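The numbers here are math on the coordinates, done by the rules we state, and not lab data. These numbers were taken from a predicted model, which means no experiment stands behind them. Reconstructed Cβ throughout: ideal geometry from the backbone, glycine too, with neighbour counts over all protein chains shown.
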Amino acid sequence: MKRLFLTCLIILMVAPVALALNCPKCKKPVPEGSKFCPECGTKFRFGCGKCKQEVPFGSKFCPNCGTKMNWPGQDEKGEPGKVEPAAPAPPAGGGSMSAADLFQVASPAVAKIVVKDKNGHPCGQGSGFFVSLDGLLVTNYHVVNNAYTAAAEVEGKECPVEGFCAFNAQQDLALLKVKIDKPAVLRVSASEPPKVGTKVFAIGSPVGQTNTLSEGLVSGLRKMNDRDLIQTTAPISPGSSGGPLMTSDAVVIGVNTLGGNAAIVQNINFAVPASMVLKLIESKKPVQAFPVPAVRNMPVPPRPVEPALPKLTDAFDEAVVKGIAKAVEFLWSQQKEDGSWGPFNMPNIGQFPAGPTALACYALLESGVSIKEARMAKALRWLSREDTDKRTYSLAMRCCVWAAVLHEDPDSEYGKQLEKDCERLIRAGAEGCYTYDVDAKGRITDNSNSQYGLLGVWTSTSAPRIEVPSKYWDVVMQHWIKSQNRDGGWGYAGFHRPASYPSMTVAGLASLFVCVDNLGADRFTRCTGDTDIKAIRDGLKWLEDSMAQLGLDSTIEQGGRIMRMPLDTYYLFGVERVALASGYKYFGKVDWYRVGATAVLQRQQPNGSAWMGGWGDATVSTAYALLFLARGRHPILFNKLQHDGDWRNRPRDLAMLTRWMSKAFEKPVNWQIVHFGISSDQWHDAPVLYISGSKDPKFTDEQAESLRQFVYQGGTIFSCTECNGGAFRQAMQKLYAKIFPGSPMTPCRADHEVFKAYYTVPRTALQEVNNGARPLAFHCDYDLPLCWQARRWTAQKWTFELAANIGVYVNGLDMLRPRGTNHWPEKIPVPNGQDLKIVRLKHSGNCDPEPLAYERLARLMAAHAKANLTVTGPVEISSLGGQQAKLASLVGVGKLELGPAEQTAIREFVNKGGTLLVEAVGGNREFAESARQTLAKLFPQSPLRPISVSAPPMGLSQCPIQRVKYRSKTTVRLGNMRTPNLQTVVLKDASDGSRTAVIFSAEDISCALLALEGAALDGYAADSAYAVMRNIILWAGK
C-alpha cells in the first residue's frame, strides 16, 4: 500500500500533558494512540528514522534500537512518520468500530498459545496478545504454569516462545517473549476501568477454534479478596484464557480469564484490569527459560460466615438414616406426573432433558428404593424412552441407573439400554476425554465431563454382557496423567491445565483408580514395596493439603483467582468415589464421611432438600447429597493397616476382594485404610484389621499396644504373609506372643468352623490366636493377597471364599456396621450421676479373656443410665473383703477351680450382703459346667434356680426387662426362649428375708458388651447384654 507522511504536532494541555496530532490527509485532530483517523479512516504507522522499524505512537524510545523519539511529526533525524490508508474506516465522528471492523483490526495481534510437555507434545492451550513489536505477549499465568515449552500461533504461523519475562501468579498474568518479526500490537489502556454497561469484546482461541469473537457488557467492577476484577457478560470459553477484553475502539481494558464452571456459575466471567498488565510490563526482566516457577498454594478466601448450625441430636448413624429418608421423600415430591425430574438448564450450554431424572433415579436406587416401586418404575420407563439427550453427564448417569437396575434384576429389559448407552460413551471417549455432547464436533473437552464419561463406562462393566476394550482404559489413563498439573492436582479444562481445585482433583484420582484396576491387575506380583503410581500419589498429597486448609469445601477458578465453595455436593460425591476406590478413611486428618455427612445434615432443609450451594437446583444438589450419604454409609468389613513395612505390595488386594464379595453376597461390602496416626478406638468401622507384608513391620511398643487395644475393644486381626516373607511371618508370631501372652497361635483344625462358615473351602495354612471365647487373630502364610490383586476369581476362587468366611465367622454379614459408626463410645462425665462400683476377680484359670468389656459397659452406663461406674481388678479373691464393693464379677473360659481360701472369701462377701456375678464368657461350656459345680459346693443348701423377670434385678421399676434377644447359635439351643436365662443363689438376709446373692449366666455377656457378632459366640445380643448388666449393677448398688 501507498506510504504517506504524517506530520505530528505537540499540543500542551493543562496537566496531565497529552499528545495529539493531525491527520495529514484530512487535517483533522487525531486522539492519542489512534491507529485510524476517526474522520477519513487513514491508518497510521510510525517508523524509526534510524532503524526503520515500526514504533508505537507515544513511545519515548524506539523499542528496537533505543533511539529517542520526537513526536512533532518527525523523529530526531528529521524523517517524518509514515501513514497508510486503511479499510474499512471506523465510523466518522468517533473511535468506535463495528464488531466486524474491530475483529479485523485486533485479531492479528491475538495469538493462540500451545503449551507443550517435556516430550514436546501439546498438552494445553490458551490465548494471548502482543503489546510490543519485539514480541512481548501477555497471557494468563495458569495457561503456562505447567509448560516445558510453548508456541504462539499467529495468523496460521507457529512461532516459538523463547521464555517468560515476568509473571504474577496472584493476578494470573504472565509476560512471554515470542520469536516473531514485528507482530501487530494492541494498546493497553492506562485509564480507569470503563463504567458498568460499557460494551466490550473478547477475542480468544478455544480448543478446535482460532480467534473467535464474543460480545458483552461490563456487568460489574468487583473487589474480590483484595483484588480488582472486571466482571463481564462476554462469554469466555475454555481456551480463551489470556485473550484481550477490549472496548469498541480496540483498546485493551483487561485480560480474560477462564469463566466459571458453567454447571455451577451462571454467565460470570472476569478479566484482570489493564492497570495490572502495565505493572507486569514494567516489571519485565531478561528472558528466562520455562518452566515458570510453580505457586503451589494460591490464596483461598476464608469461609463465609454462617448462622450457628444446629448440632445433631441423634447418634451419628441415626441422624444419617433420618437424613437419607428425608432426602428420598424430597426427591419423590419433585417428581413430575410423567415420572421425570427436570430438565436442568446450564447457561451457555443448554438443557439436559434426561440428566436430572437419571441422577435422581440413581440416588434413589442407591438409597435402597426398589425398581418395583411404582414411582420408580414410572421413572425408569420415562428414562428409557427419552432419546433426545446426548449429554455426556446424562448418558453416564443413565448407565449408572441401568447397572443398578440389573443388580436387582439381572434379566431386566433395560440391559439392552445399558449396552447402547455404554457403547456411545466408549465411542465418544476414543481420545480418553469427553465434552458436553457425545456427538459433538471440535471436542472442547473438560475434566468434569471426562470423569462422568468414564464413570458411566466403568459402572456398566458390572453387568455381565458389557466388555470394554483395554485400549479404552489406556487412552483414558493417559489423558488424566497428561492433564495433571505440576502441583499434583487437576483443573477443569484439562487441555490447558488451569489452576487445580478439589472437585477436579477428585475427578482425576477416581478416574485413575478405575483405570489402574482395569489395567494393572498383574502389575503387583512381586513384593518390591514400590507400588506407588506417581500421578495418584501426587494427587492424594494435593487433596490432603487442600482438606487441611479447606476441610470439605471446594473451590473454583474465577478471574484467575480461587473462589471458595462451601458444601458443594457435586464435590462430595467425587470425594466419596475417591475414598471408596482408594480405601482411605482419612485424607490427612479429615474423616471425610463423618465431616461431610455432618455438614450435609446440619444444612438439610425442613423439606429434606440439600443446601443448593452454587447449583441453583434443589433436585440436583439433593441427589448428589443423597448419593454421598447413602453410598458413603456402605458397611466396612476390612480395615487395611498402613505401617512402616511393605504394606502396599498388593495395593488393590482388598479392592478386588470386596468387589468380588459385593457381587457374591449381593450387597455392598467395602474396605478402608487406617494408620497409627489415629487412635485405635477410631478403627472400629470394620471388625477386621488386615495386616500384610513380606518384611518385618517393626512395630514399636506403642504401636503393639494400639493393636492390642483394638482387639480387646472388640476387633480381630487378619494377617497375611506375602511373597513367602519369612521376616513378616516371624514378626507377626512375636507380636501375637507379646500382646496375647495367654493365647498361643495354633493351626486351625481341619474341622474348624472358619472353613465352612459360608463357603466350604479346603484347609490351608491358617493359624488362629483364640482367647477361648473368640478368635483374636488369624494368620495365613499362603499369599492370598496376590490372588485377590490379580483377580483370580475363577482359578483360585477359594482364596476369596476363605477371606469371606473369616469375615462371616468374625462378624456375620447382616451385622456389619455402617461407615462412620463406632461401637466404642466416648467417655462422658456424669457430674451428678449415681456412683457405682464393680470389682473383677482373679482366679487360677483364664479369668480375664475380655479385659475391656466392662470399660465399654462403664461408658454405656454414663451415656444411657447417667451413672458413674467404677471398674477395678482383676484382684485376688482373698482381698475381696477390703474392696468396699457391693458387686463382684467372676468370669472366665476353661475350667474354674477355687482354692479353700478363695471359697471362704466368696462366702464371706455374699453373707455380708454382697452380690456375686458369675459368667461363662463366650458361652464357654467348660467354664459353665465347672462354675455350676463350684457354686453347688459353696452354697449346698441353696441350689441355682431361675430368676423371674418380675423380680429384681430384671424387674426394676425404672427399667424392667421382659424380653431379650439371643444370638442365632443360642436361639437354636434355647428354642423360643425370650426371657433372660439367668439363675440365682438365694440366701436369707439379716431380716430373715431372702435375697439374690449370686447371679449365674451360662450364656455370654462380656463379648456382647463389646458388640461382638462372631459365629462362635453363644449368648446374648449386644443390646440385651447391656440391659441385663445395667439392671444387675443398679440393683446391687442400692
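Here are some notes:
- Fully extended contour minus Cα-Cα distance, from LYS284 to ALA100, at 0.36 nm per residue: 62.9 nm
- You can think of it this way: the chain between LYS157 and ARG792 has 223.1 nm of extra reach, that is 0.36 nm per residue less the Cα-Cα gap.
- In a simple Cβ point-charge model (Lys, Arg +1; Asp, Glu -1; nothing else charged), region 834-1036 has a dipole of about 460 debye relative to its Cα centre.
- Of all DSSP-defined beta bridges confined to region 834-1036, some 35% are antiparallel rather than parallel.
- 19 Å cut-off, amide nitrogen to a point 7 angstrom out along ASP134 Cα→Cβ, residues in region 171-192: 174-188
- Tensor-based shape of region 636-811 (alpha-carbon gyration tensor, a/c under 1.5 rounded, otherwise prolate or oblate): rounded
- Spin-label pair ASP989-ASN607: with each label point 7 Å from Cα along the Cα-Cβ axis, the two points sit 6.1 nm from one another.
- Toward the positive end of the charge dipole of region 834-1036, with +1 on the Cβ of Lys and Arg and -1 on the Cβ of Asp and Glu, the farthest Cα among GLY923, ASN911, ILE1032 is that of ILE1032.
- Distance between the 7 Å Cα→Cβ label points at SER879 and GLN941: 3.2 nm.
- Spacing of the two label points (7 Å from each Cα toward its C-beta) at SER844 and ASN119, in nm: 7.6 nm
- In a simple Cβ point-charge model (Lys, Arg +1; Asp, Glu -1; nothing else charged), region 316-632 has a dipole of about 400 debye relative to its Cα centre.
- Gyration tensor verdict on region 316-632 (Cα atoms; rounded if a/c is under 1.5, prolate if a/b is larger than b/c, oblate otherwise): rounded
- As a length-normalised measure over Cα pairs under 8 Å and 6 or more apart, the relative contact order of region 88-224 settles at 23 percent.
- Given their separation in residues at 0.36 nm each and the Cα-Cα distance between them, ASN345 and VAL871 gain 183.1 nm when the chain is fully extended.
- Segments 329-339, 454-464 sorted - mean Cβ within 10 Å per residue, highest first: 454-464, 329-339
- TYR148-LEU519 FRET efficiency (beta carbon distance; Förster radius 22 Å; 0.05 resolution): 0.25
- Distant-in-sequence amide contacts of GLY894, defined by a placed amide H-H separation under 5 Å and a gap of 5 or more residues or a different chain, comprise GLU926, PHE927.
- Placing a label point 7 Å from the Cα of ARG486 along the Cα-to-Cβ line, the residues of region 165-209 whose backbone N sits under 20 Å from it are 165-179.
- Computed from backbone phi with θ = phi - 60° and the Karplus coefficients 6.51, -1.76 and 1.60, the 3J(HN,Hα) list for region 1023-1028 is 5, 5, 4, 4, 4, 5 Hz; x is used for glycine and proline.
- Share, in percent, of DSSP beta bridges within region 636-811 that are antiparallel, nearest 5: 30 percent
- Percentage relative contact order, region 834-1036, counting C-alpha pairs under 8 Å, at least six apart: 23 percent
- Over region 706-790, relative contact order from alpha-carbon pairs under 8 Å, at least 6 apart, %: 39 percent
- In sequence order, calculated HN-Hα J values of region 325-339 (Karplus, 6.51, -1.76, 1.60; Hz; x Gly/Pro): 4, 5, 5, 4, 5, 5, 4, 4, 5, 9, 6, 7, 4, 7, x
- Prolate/oblate/rounded label for region 834-1036 (Cα gyration tensor, a/c 1.5): rounded
- Karplus (6.51, -1.76, 1.60) ³J(HN,Hα), θ = phi - 60°, over region 576-588, in Hz, Gly and Pro reported as x: 4, 5, 5, 5, 5, 6, 7, x, 6, 7, 10, 9, x
- Farthest towards the positive end of the charge dipole of region 636-811, among the residues THR746, LEU689, VAL761, is the Cα of VAL761, using unit charges on the Cβ of Lys, Arg, Asp and Glu.
- Here r is the Cβ-Cβ distance between ASP314 and ASP439 and R0 is 60 Å; the resulting FRET efficiency, rounded to 0.05, is 0.80.
- Per-peptide average of other Cβ atoms within 10 Å, ordering 395-407, 697-709 highest first: 395-407, 697-709
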